[in-house]
Amino acid sequence: MSVANATPPPRPPLIRHSVTEVGRVFLEMGGSALLRPLLRRLPRGDGHSIIVLPGFMAADASTAGLRSFLNAQGYNAMPWGLGRHGGGDRAASLEAALAARSETESRVAALVQSEFERTGRKVTLIGWSLGGLVAVALAHRHPEWLRRVITLGTPYGDPRGTALYRVMSGRNPGPADEEGIRRWVQHAYQGQLQVPVLALYSKTDGIVGRDIAQCEADARWVRNVAVPASHIGFPFNPLVRAVIARELAQV
């Protein structure tokens, strides 16, 4: 592809959104604590299992609050138990990064299959950020085990539209070419989607730019919904929790 015909890279998040991420998280956490009595009035769960997948460089501690909320609502919310989500952060090439991503997907698929066979009920996946790419990939490949997928602030598109791209490209030497970027984006969409996907994104996300924040899988199964949230604050945001609870209550 020539430089003249290359598609311009997506815009990263606005700097003002990035620099206020941490401060907004504390507001979101405080909001959830303040609104806890109202959140308890949300639809009750049916007890089915939910596996929550952390974001890039995060582990299960980052999703503990969301899982606690879901358990209080009557679900069986589980950690993924796979440690820190590296996402191929130390891979030396695109091929190695995709291989690491596929390995993570296989390990999560084994967890989903095990829980499905244990309970006899389909499992919900909630994926935060990079965890959402894993969840959507499995929705395409294993609809027999999954009830629905919910993603939170997931970078679906060209990674140049994230605030972390320079960090990642520093770990993975050499600029990614257009074909490599296309393969990275399309990796999550391999197979036929037959599982409902709710993709929550924020126009004020300080990590994932709005140009790459919406899921572009089969529109018959996907809903993209904007919510006011910081990227780090997605699991703690009271409105996000309310939307998740209402989504999970749908048959």
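Just wondering, is there one or more residues in the stretch 105-112 that are of a type in the set (A, V, I, L, M), surrounded by 14 or more Cβ atoms within 10 Å (Cβ to Cβ) and free of Cβ contacts under 8 Å to residues at least 24 places away in the same chain? The answer is no, given that none of the residues of the stretch 105-112 is of a type in the set (A, V, I, L, M), surrounded by 14 or more Cβ atoms within 10 Å (Cβ to Cβ) and free of Cβ contacts under 8 Å to residues at least 24 places away in the same chain.
In the condition set (1) at pLDDT 95 or above; (2) in a helix (DSSP H, G or I), residue 46 is compliant with all but (2). Pairs linking a residue in the stretch 56-73 that is more than 12 Å from residue 36 (Cβ to Cβ) and of a type in the set (Gly, Ala, Ser) to a residue that is outside any loop (DSSP other than H, G, I, E, B) and modelled with pLDDT of 95 or more, with Cβ atoms under 8 Å and 6 or more positions apart or on different chains, are 58/128; 62/128; 62/235; 64/79. Listed here are the helices (runs of 4 or more DSSP H) enclosed by the stretch 133-251 that have at least 3 residues being crowded, with 23+ Cβ neighbours inside 10 Å and under 16 Å from the mean Cα position of the chain (by Cα): 238-248.
Would you call residue 10 part of a loop (DSSP other than H, G, I, E, B), over 26 Å from residue 242 (Cβ atoms) and not hydroxyl-bearing (Ser, Thr, Tyr)? It is true that residue 10 is part of a loop (DSSP other than H, G, I, E, B), over 26 Å from residue 242 (Cβ atoms) and not hydroxyl-bearing (Ser, Thr, Tyr). Of all residue pairs spaced 6 or more apart or on separate chains, those with beta-carbon atoms under 8 Å, a first member in the stretch 179-196 that is among the charged types (D, E, K, R) and a second member that is part of a helix (DSSP H, G or I) are 183/94; 183/98. Restricting attention to the stretch 31-54, the residues being in contact with a strand residue (DSSP E or B) (Cβ under 7 Å, 6 or more places away or on another chain) and surrounded by 12 or more Cβ atoms within 10 Å (Cβ to Cβ) number 7. For residue 68, the test of being surrounded by fewer than 21 Cβ atoms within 10 Å (Cβ to Cβ), over 21 Å from residue 26 (Cβ atoms), polar (S, T, N, Q) and modelled with pLDDT of 95 or more is failed. Out of (1) within 16 Å of the chain's Cα centre (by Cα); (2) part of a helix (DSSP H, G or I); (3) modelled with pLDDT of 95 or more, the odd one out for residue 101 is which? The number of the failed condition is (3).
The values are calculated or read from the model by the stated rules, or taken from the named source; none is laboratory data. All values derive from a computational prediction rather than experimental measurement. For neighbour counting, all protein chains shown are included, and Cβ atoms are generated from backbone atoms with ideal geometry for every residue, glycine included.
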